[in-house]
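Student: Structure below; questions to follow.
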Amino acid sequence: MAKKQKQFVEEITPMETDFAQWYTDVIKKTDMVDYSPVKGFMVIKHYGYAIWENIQAYMDKRFKETGHKNCYFPLLIPESLLQKEAEHVEGFAPEVAWVTHGGDEELAERLCIRPTSETIICAMYSKWLNSYRDLPFMYNQWCNVVRWEKSTRPFLRTSEFLWQEGHTLHETYDEAQSETLQMLNVYKETAENLLAIPVIIGQKTDREKFAGAYATYTMEALMHDGKALQAGTSHNLGQHFTKAFDIEYLDRDGTLKNPYHTSWGVSTRLIGGIIMVHGDNRGLSLPPGIAPIQAVIVPIAAHKGGVNEAAQELYAEMKSLYRMELDDRDQYSPGWKFNEWEMKGVPVRIEIGPRDLEQNQVVLFRRDTLEKEVCPLDQVKERVGLLLEETQKNLLVKAREMRDQKTYTVQDEAEFKRIMKESPGFIKAMWCGDEACEEKIKTETGATIRCIPFEQEKLGDTCPFCNKPADKMVYYAKAY
RNA sequence: CUGGCUGUGGCGCAGUUUGGUAGCGCGCUAGAAUGGGGUUCUAGAGGUCGCAGGUUCAAUUCCUGUCAGCCAGACCA
């Protein structure tokens, strides 16, 4: 038996051995994605897509609660529109896919497949906005975008990905700013409460901000391998786009004004984050909030003494309460199923067999702690609910511990380099504000400033790299 | 984009050095038993070796190109 167990474990490369390989193995084994014939384009299979649907459902509700409505804008954008905002086109042009023909005919103007929709949306907003009374514009869309990436990895960086992008217009800078921060907070709340991923929120440096943004805010999460994942961004775009696209409205005082603009997005990349934050050497461990299957019932010796009937009855009773699966496949042994569902990260397993029926009980198993317990049959519904809640909380606690354990405070350059080399993670350090230092440390260690966090700590008075006065504390990390 | 590696039934691999049109394990199908941590036995089905050229009497094997994937780096919200 020990030998069998070993065989199973070997199917997934241990994360300590090779994290990249572990990730690839988990993605493949758990059947979340498949590679398509086109480089960088992945099929999201049902088990992966269900996670996205759960994220969508939760966030869409939050967006609506905060006053946004959904729209849909076209996939194709004329080149001339993309060109209108100088920084924006410069940032995105290298990774844009172009449509040059319609049928056999070459187009007079080529069309880009949206890498993001600021330009097309602004072009439409300029038609729609007339009066200060029309503001604010509070719209979001769920869609796909394409960026021609040079190297790709499922969920983390794909040439096409699914996301939402919110685009709002406001009368004042302050209003746009508070919208930007409000949505960042919605993201943070989603990451922590739904995905159980703790995040650092803060502002991007000019070097790292969105092409065309006045200011970019981000939430950054730390993965098991010590690399950071930018998990969502919210941009205050100021009037950059509204001026470039002639979006104007007549204000109370009779003058034409440009509104202030925000955009914010999260993508299917979040799924990669879930995998890399909660996964272990058995595979996935999914937060109940987004798990496609929250609890699976595994009948044991199903044909014996009413086991099958009992399992079906339990399933019927529970399926309206939780996302349930009854695994009544008879070609697999219980042990096989246990391993499979653990690999797929199902938070709770309910085992029910002849021995249980005799005693009116079931065995419950928690994926996050790998603990088994016995539960009276008439208490299963409540107990499973409790285990799901506890799992949701525990995953966040464990993720926070992992992150804190890989977060360092550094005052000098040698120490910085040693940590980045030996045990990478978040490094908190003071920053002089000079892009040269940022650039230098990226070249020498591969780490970048992930953000200037809102929660500042005064770690010292000088920048560890140039020794000039520094008044900002920043998080450095190698990034995905 | 650069460097390294890989591509052979659904999956994981061997075979290629010394060319002669494929083999193993798992999975799959059927039957039976088994069933509380990847169950066992028996009998089957399934590939022409990523794709395109070239060399050769003959190419999975040699050569060229190309596509895709993995790993590292560069780039990149």
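Student: Would you mind listing the strands (runs of 3 or more DSSP E) fully within segment A:368-480 where at least 1 residues are surrounded by 15 or more Cβ atoms within 10 Å (Cβ to Cβ), small (Gly, Ala, Ser) and at pLDDT 95 or above?
Tutor: Values: elements: A:372-376, A:407-409, A:426-431, A:448-453, A:472-477.
Fully inside segment A:368-480 and qualifying: A:426-431, A:472-477.
Student: Filter segment A:311-346 down to residues that are in a helix (DSSP H, G or I), more than 10 Å from RNA strand B (Cβ to nearest atom) and surrounded by 14 or more Cβ atoms within 10 Å (Cβ to Cβ), then give me how many there are. Working first, answer last.
Tutor: Initial filter on segment A:311-346 (in a helix (DSSP H, G or I)): A:311-318, A:334-343.
Restricting the remaining residues to those that are more than 10 Å from RNA strand B (Cβ to nearest atom) gives A:311-318.
So of that shortlist, the ones also surrounded by 14 or more Cβ atoms within 10 Å (Cβ to Cβ) come out as A:311-312, A:314-315, A:318.
Qualifying residue count for the region: 5.
Student: For segment A:45-58, indicate whether the set of residues that are among the acidic types (Asp, Glu) and touching a helix residue (DSSP H, G or I) at 6+ places or on another chain (Cβ under 7 Å) is non-empty.
Tutor: Checked against the condition, which is being among the acidic types (Asp, Glu) and touching a helix residue (DSSP H, G or I) at 6+ places or on another chain (Cβ under 7 Å), segment A:45-58 yields no hits at all.
Student: With (1) within 7 Å of RNA strand B (Cβ to nearest atom); (2) within 29 Å of the chain's Cα centre (by Cα) as the list, and A:Val384 as the residue in question, which single condition is left unmet?
Tutor: Single failed check for A:Val384: (1).
Student: For residues that are hydroxyl-bearing (Ser, Thr, Tyr) and within 12 Å of RNA strand B (Cβ to nearest atom), scanning just segment A:207-231, find the one that is nearest to A:Pro14 (Cα to Cα).
Tutor: Residue satisfying both the conditions and the ranking: A:Thr218.
Student: Checking the condition of a type in the set (S, T, N, Q) and either away from RNA strand B (no atom under 16 Å from the Cβ) or not assigned by TED's automatic domain parsing to the domain that holds A:Tyr214 (or both), which residue from A:Thr262, A:Thr255 passes?
Tutor: A:Thr255
Student: Still on this structure, I have one more. Please find, among A:Val384, A:Val374, the residue that is aliphatic (A, V, I, L, M), more than 28 Å from A:Gly232 (Cα to Cα) and in contact (Cβ under 8 Å) with a residue 60 or more places away in the chain. Even if it seems obvious, please write down each step before you answer.
Tutor: Working: A:Val374 fails: in contact (Cβ under 8 Å) with a residue 60 or more places away in the chain.
Just a single option satisfies the conditions, and that option is A:Val384.
Student: I've got another one for you. Which of the residues that make up segment A:232-248 are away from RNA strand B (no atom under 14 Å from the Cβ) and among the β-branched types (Val, Ile, Thr)?
Tutor: The answer is A:Thr242, A:Ile247.
Student: Condition test on A:Arg114, is it surrounded by 12 or more Cβ atoms within 10 Å (Cβ to Cβ), more than 16 Å from RNA strand B (Cβ to nearest atom) and not assigned by TED's automatic domain parsing to the domain that holds A:Gly335?
Tutor: In short, no.
Student: Here's something else I'd like to know. Give me the strands (runs of 3 or more DSSP E) completely within segment A:1-109, filtered to those with at least 3 residues that are exposed (fewer than 13 other Cβ atoms within 10 Å of the Cβ) and out of contact with any Cys (no Cβ under 6 Å at 6 or more places or on another chain), ordered by residue number.
Tutor: The qualifying strands (runs of 3 or more DSSP E) are A:97-102.
Student: Looking only at segment A:327-352, how many residues end up being over 24 Å from A:Ile12 (Cα atoms), at pLDDT 95 or above and not aliphatic (A, V, I, L, M)?
Tutor: Count: 1.
Student: Here is a further query. Could you please find all residues in segment A:136-152 being within 17 Å of the chain's Cα centre (by Cα), within 11 Å of RNA strand B (Cβ to nearest atom) and closer than 28 Å to A:Thr242 by Cβ?
Tutor: Passing the criteria: only A:Val145.
To keep it simple, each residue is scored yes or no on (1) free of Cβ contacts under 8 Å to residues at least 40 places away in the same chain; (2) farther than 27 Å from A:Leu135 by Cα; (3) not hydrophobic (A, V, I, L, M, F, W, C).
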| site | (1), (2), (3) |
| --- | --- |
| A:Tyr47 | no, yes, yes |
| A:Ile51 | no, yes, no |
| A:Ile55 | no, yes, no |
| A:Lys61 | yes, no, yes |
| A:Glu65 | yes, no, yes |
| A:His88 | no, no, yes |
| A:Phe92 | no, yes, no |
| A:Leu107 | yes, yes, no |
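The values are calculated or read from the model by the stated rules, or taken from the named source; none is laboratory data. No experiment lies behind these values; they were computed from the predicted model shown. Cβ sites come from the backbone with ideal geometry, for glycine too, and all protein chains shown count toward neighbours.
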